[in-house]
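Encoded as structure tokens, the structure appears first; notes follow it.
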Amino acid sequence: MAYLGPGSAGHYVKMVHNGIEYGLMQLISETYDLMKRGLGMEPHEIHAVYDRWNKEELNSYLIEITADIFLQKDDKTGKPLIDVILDEAKQKGTGEWTAWDALDLQVPTFNIDTAVMMRDMSANKNQREKAGHMLKGPSPHFEGERNPIIHQIKNALYAAMIITYSQGLALLAKASNTYQYNLNLETVARIWRGGCIIRAALLEDIRSAHKSNPDLENLLFDGHLGQAVVAREADLRSVVRIGTASGLPMPGLMMALSYFDAFRSGWLPANLIMTQRDYFGAHTYERMDEEGTFHTKWGKQ
């Protein structure tokens, strides 16, 4: 237990917790898809992978229960229960609320937004089945030695989890300043580590990062966590490449990689967007070499 801040601070932290939860669950589901449809693994084999991961750096409540899920048998058919559950994910709205407020505060939360959209996509079961018959793509099964690919998937998941936490905590930092919550993000990480759905060994490193630097703007600026992502970046890229080449949807892993690339890019092509806005709507733009706002009469050479 801990006092988080005035007013709705505690409710806000819980909302963002749930948004991060959406993001992590989407990432884990994509690793499952890679193993099931990509590598052709059976439930008991997938259980063994998640069980092993839970004893290593991916130790967390979500990985723990995921491992257990693949051992559960269906009382009616005797089949693995996972194989008889309908692939439509429900939601109660907290992930959506997180995405809404992140948009209002102009904090990019790629993974939370994507996780919400993928639950919406999953609900379109009839359309997805129809499209599956009409719109052909590559085979989801890819060849190759399993163990090296599974190792890459593990590294990709760990990197993407750090990136997802970084987005949620960046939102908390912005909300704390905007709404005057005066949040202590080390305390937030500590109570999440103590017991909640997103509790994970990784949160100890996150807590330490915010303890050593209370003004940390983003987890990726922490030397340890930032380098942990950099060290696994090649595997994240490789897994995304393998999955997309096989026609497997993996927007969570792709968005984690896109966030990483955008965040580390000192230049983005947003100057073209500003130019377009000024061209069609006279919205003005700023220059790199001079202060002020400017407008051009486009098409006049």
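The values are calculated or read from the model by the stated rules, or taken from the named source; none is laboratory data. What you are looking at is a predicted structure, and each value in this text was computed from that prediction instead of being measured. Here Cβ is always computed from backbone atoms with ideal geometry, including for glycine, and neighbour counts include all displayed protein chains.
Restricting the search to region 214-245, which residues are exposed (fewer than 14 other Cβ atoms within 10 Å of the Cβ) and over 16 Å from Gly168 (Cβ atoms)?
Answer for region 214-245, where residues must be exposed (fewer than 14 other Cβ atoms within 10 Å of the Cβ) and over 16 Å from Gly168 (Cβ atoms): Pro214, Asp215, Gly223, His224, Gln227, Val230, Ala231, Ala234, Arg241, Ala245.
Suppose we filter region 90-112 for residues that are in contact (Cβ under 8 Å) with a residue 24 or more places away in the chain and part of a helix (DSSP H, G or I); how many remain?
Number satisfying all stated conditions: 11.
Looking at the structure I just gave you, is Met118 assigned by TED's automatic domain parsing to the domain that holds Ile63, aliphatic (A, V, I, L, M) and without any contact (Cβ under 8 Å) to a residue 12 or more places away in the chain?
no
Taking the residues in region 238-272 that are outside any helix (DSSP H, G or I) and in contact (Cβ under 8 Å) with a residue 60 or more places away in the chain as candidates, determine which candidate is nearest to the chain's Cα centre (by Cα).
Ranking the qualifying residues of region 238-272, first place goes to Met250.
Is at least one residue of region 131-141 closer than 23 Å to Ile197 by Cα and of a type outside the set (Lys, Arg)?
Within region 131-141, none of the residues are closer than 23 Å to Ile197 by Cα and of a type outside the set (Lys, Arg).
Quick one: how many residues across region 210-237 are of a type in the set (Asp, Glu) and touching a residue at least 60 places away in the same chain (Cβ under 8 Å)?
2
Please return the ranges of helices (runs of 4 or more DSSP H) entirely within region 1-89 where 3 or more residues are at pLDDT 95 or above, of a type in the set (A, V, I, L, M, F, W, C) and in contact with a Phe, Trp or Tyr (Cβ under 7 Å, 6 or more places away or on another chain).
Helices (runs of 4 or more DSSP H) meeting the threshold: 9-33.
Being within 12 Å of Thr66 (Cα to Cα), free of Cβ contacts under 8 Å to residues at least 60 places away in the same chain and among the aromatic types (Phe, Trp, Tyr) is the filter here, so list the residues in region 1-55 that pass it.
Across region 1-55, the qualifying residues are Tyr32, Tyr50.
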